[in-house]
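The values are calculated or read from the model by the stated rules, or taken from the named source; none is laboratory data. Keep in mind that this is a model prediction, so the values were computed, not measured. With ideal geometry, Cβ positions are generated from the backbone for all residues, glycine too; neighbour counts draw on all protein chains shown. The area values use the complete protein model at the heavy-atom level, side chains included, leaving out ligands, DNA and RNA. Shrake-Rupley method; radii C 1.70, N 1.55, O 1.52, S 1.80 Å.
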Protein chains: 2
Amino acid sequence: MNTPRERIIDTASLLFHQQGYNSTGINQIISEANVAKASFYQHFKSKDDLCVAFLNARHGYWFSELITYVSKSKSTKKRILNAFDFIIYMNEKEGFRGCSFLNILSEISKEQGTILSVIQAHKNDLRKFFEKELGEELLSDHIYLLFESSIIESQLFKSNELVEKSKKIVNNLI
Amino acid sequence: MNTPRERIIDTASLLFHQQGYNSTGINQIISEANVAKASFYQHFKSKDDLCVAFLNARHGYWFSELITYVSKSKSTKKRILNAFDFIIYMNEKEGFRGCSFLNILSEISKEQGTILSVIQAHKNDLRKFFEKELGEELLSDHIYLLFESSIIESQLFKSNELVEKSKKIVNNLI
DNA sequence: AACTGAACAGACAAGTCTGTCTATTTATTC
DNA sequence: GAATAAATAGACAGACTTGTCTGTTCAGTT
């Protein structure tokens, strides 16, 4: 049944995604993860510390899934279009809850600089991913921006309509 | 010194923007607005009710400012570029706090459907704004998506770099 | 069989939150 | 000047929050 640490992160992933970071309490996390409170604070020194651990885990999971999706094709163009299909896949899998990183970005204050830099690092990696695929920086940033808004707009409207439209735009662009 | 209702909405605007919706309590709002708690609940039946009122007020303010900015030019192209300059202006004015509507989107749960529809209505109006300016739907949605990500990325990186890049992209696009 | 480290349960402190309530004061209108 | 409406202050209920703490149980190792 996994280690307590894993159970905590798995449960937190689910709850942060479903309810948001600030609306999810430690008590609910440990209760649903079947972990004692003392055990929680043995692994994480604070809730923010858990948040960083969660974002790191999410980063690893999310990118490996993206790479899996992209690797289905060989041509750059198809690979990029696959990335947008990955958004649709994730939306359907996770119920249009958007990007964990951007959701938490909206919830943190100036004092939580550590969390902010984890979010920035994640997005920088995504930006680099498109740059490596495409070479040209202006084009890759263009597609990065469309990718980002595709995630957000599908969360907002609980629909893949604008993801599909982005695919059409990107298809004409490359 | 304004009416209590106005003082509440003004204070809430500031605090929701600075600290987020869930992190801002009623007590802080009424204290900083110099309003009694009973007065607050005479004007708003709940915190979510205040949220809706705030978003409506924000909608009015934000759009009127956008229109002012856009109206400085006559050609469609220049007007669209002005809209991106408006993002830069707001970022500098408000300290890269991003979009009130999207920030609250990240904080609400499924039960808060009323708030969600106010956010969706705002973004639909923005989408229509670009459609009216540009006519072509694919192009106007393309620019709408770049506009949205420009706001978010500048909030994320506390910088106007990607807004400027979007301007360059849009300049080549129209 | 004794030791060790990690997990367990759960009480507790100190503070937060929303929303309700009573009771008093101020301002406006008839 | 009396009546009405809207503001005030602030106590209170009840539930929540994070983090600390005590003490117990259990598995693995020597």
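Any residue in region A:21-34 that is away from DNA strand D (no atom under 16 Å from the Cβ) and buried (at least 20 other Cβ atoms within 10 Å of the Cβ)?
no
B:E111 is checked against (1) within 14 Å of chain A (Cβ to nearest Cβ); (2) more than 13 Å from DNA strand C (Cβ to nearest atom) and fails just one. What number does that condition carry?
Of everything listed in (1) within 14 Å of chain A (Cβ to nearest Cβ); (2) more than 13 Å from DNA strand C (Cβ to nearest atom), B:E111 misses just condition (2).
So is B:K158 open to solvent by 20 Å² or more (accessible area, probe 1.4 Å) and at positive phi or not?
The answer is yes for B:K158.
Kindly provide the set of residues from region B:132-147 that are on the phi < 0 side of the Ramachandran plot and free of Cβ contacts under 8 Å to residues at least 12 places away in the same chain, ordered by number. If you could, list the steps in order and put the result at the bottom.
So the first thing to find is which residues in region B:132-147 are on the phi < 0 side of the Ramachandran plot, and the list is B:132-134, B:136-147.
Of everything in region B:132-147, those that are on the phi < 0 side of the Ramachandran plot and free of Cβ contacts under 8 Å to residues at least 12 places away in the same chain turn out to be B:K132, B:E136, B:E137, B:L138, B:L145.
What are the residues in region A:104-142 that are among the acidic types (D, E), modelled with pLDDT under 95 and assigned to a helix (DSSP H, G or I), if any? Before the answer, list the steps.
Just the residues of region A:104-142 that are among the acidic types (D, E), to begin with: A:107, A:111, A:125, A:131, A:133, A:136-137, A:141.
Checking which are modelled with pLDDT under 95 leaves us with A:107, A:111, A:136-137.
Passing the criteria: only A:E137.
When you go through (1) surrounded by 12 or more Cβ atoms within 10 Å (Cβ to Cβ); (2) under 30 Å from A:E133 (Cβ atoms) one by one for A:F44, which number turns out not to apply?
That leaves (2) as the condition not met.
Checking A:W62 against (1) at pLDDT below 95; (2) open to solvent by less than 50 Å² (accessible area, probe 1.4 Å): exactly one of these is not met. Which one?
Evaluating A:W62 over (1) at pLDDT below 95; (2) open to solvent by less than 50 Å² (accessible area, probe 1.4 Å) leaves (1) as the failure.
Based on what the data block shows, is B:F101 within 14 Å of chain A (Cβ to nearest Cβ), at pLDDT 95 or above, in contact with a helix residue (DSSP H, G or I) (Cβ under 7 Å, 6 or more places away or on another chain) and not in a helix (DSSP H, G or I)? Spell out the reasoning first.
Details: within 14 Å of chain A (Cβ to nearest Cβ): yes; at pLDDT 95 or above: yes; in contact with a helix residue (DSSP H, G or I) (Cβ under 7 Å, 6 or more places away or on another chain): yes; not in a helix (DSSP H, G or I): no.
It is false that B:F101 is within 14 Å of chain A (Cβ to nearest Cβ), at pLDDT 95 or above, in contact with a helix residue (DSSP H, G or I) (Cβ under 7 Å, 6 or more places away or on another chain) and not in a helix (DSSP H, G or I).
Say we look at region B:73-118 and pick out the residues that are under 16 Å from B:L14 (Cβ atoms) and of a type in the set (D, E, K, R); which of these is farthest from the chain's Cα centre (by Cα)?
The qualifying residue farthest from the chain's Cα centre (by Cα) is B:K93.
Kindly evaluate B:G98 against the criterion of being without any contact (Cβ under 8 Å) to a residue 12 or more places away in the chain and more than 16 Å from DNA strand D (Cβ to nearest atom).
Values: without any contact (Cβ under 8 Å) to a residue 12 or more places away in the chain: no; more than 16 Å from DNA strand D (Cβ to nearest atom): yes.
The answer is no for B:G98.
With respect to A:Q155, determine if the residue is free of Cβ contacts under 8 Å to residues at least 40 places away in the same chain and touching a helix residue (DSSP H, G or I) at 6+ places or on another chain (Cβ under 8 Å). So that I can check it myself, show each step before the final result.
Working: free of Cβ contacts under 8 Å to residues at least 40 places away in the same chain: no; touching a helix residue (DSSP H, G or I) at 6+ places or on another chain (Cβ under 8 Å): yes.
The answer is no for A:Q155.
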